[in-house]
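The values are calculated or read from the model by the stated rules, or taken from the named source; none is laboratory data. A quick note: this is a predicted structure, and the numbers were derived from the prediction, not measured. No Cβ is skipped: glycine too gets one built from the backbone with ideal geometry, and neighbour counts run over all protein chains shown.
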Amino acid sequence: MIVDGDGSEDRTEDTYTTGQAARILRITDRGVRKMIDRGELEASTDERGRHLIPQHALHAMLEERRASSAASAAEISGEEASRSAEEARELRERVEGLQRELGRLEGRLELTERTESTMREERERLEQLLEEERAERRRLQEELDEARQAAARPWWRRMFGGA
């Protein structure tokens, strides 16, 4: 037996328990009971003292929430559109700034690569020159060593060709 808040029986309407209503509304059982206590949600009690919420009352609350949500969304969407347009403009400016910076960095990279290439060529040229100088130094050292050996022989051997 279902008893309305005014004490009369009502068997004609399907109802939800607070647990079922909570799942449908996506809130807690306690939240449903608070809504009932504040008079925001219609409910009756059964013989065991449990709250029973009529389907029409719960569905009306859902519709009210959806309408409120839609109105808020429309209000927010206007604000969001303005904010989104501003954010899009700021992002576009930021992207343009980053593209300019990228262009500068690419230019610097190209200059760095050219400089590196030039320095590599110069290093190779200097290494070749160093190798030539070392070969010349070895040749001159050999001549000097031969001249010293020749000078170390006695004069008479140098004069008469003796070994």
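Scanning the range 19-45 for residues that are under 15 Å from Ala60 (Cβ atoms) and either touching a residue at least 40 places away in the same chain (Cβ under 8 Å) or surrounded by 13 or more Cβ atoms within 10 Å (Cβ to Cβ) (or both) yields Ala21, Ile24, Leu25, Val32, Met35, Ile36, Leu41, Glu42, Ala43.
Ser117: modelled with pLDDT under 95, hydroxyl-bearing (Ser, Thr, Tyr) and assigned to a helix (DSSP H, G or I), yes or no? Even if it seems obvious, please write down each step before you answer.
On the way: modelled with pLDDT under 95: no; hydroxyl-bearing (Ser, Thr, Tyr): yes; assigned to a helix (DSSP H, G or I): yes.
Spelling it out, it is not the case that Ser117 is modelled with pLDDT under 95, hydroxyl-bearing (Ser, Thr, Tyr) and assigned to a helix (DSSP H, G or I).
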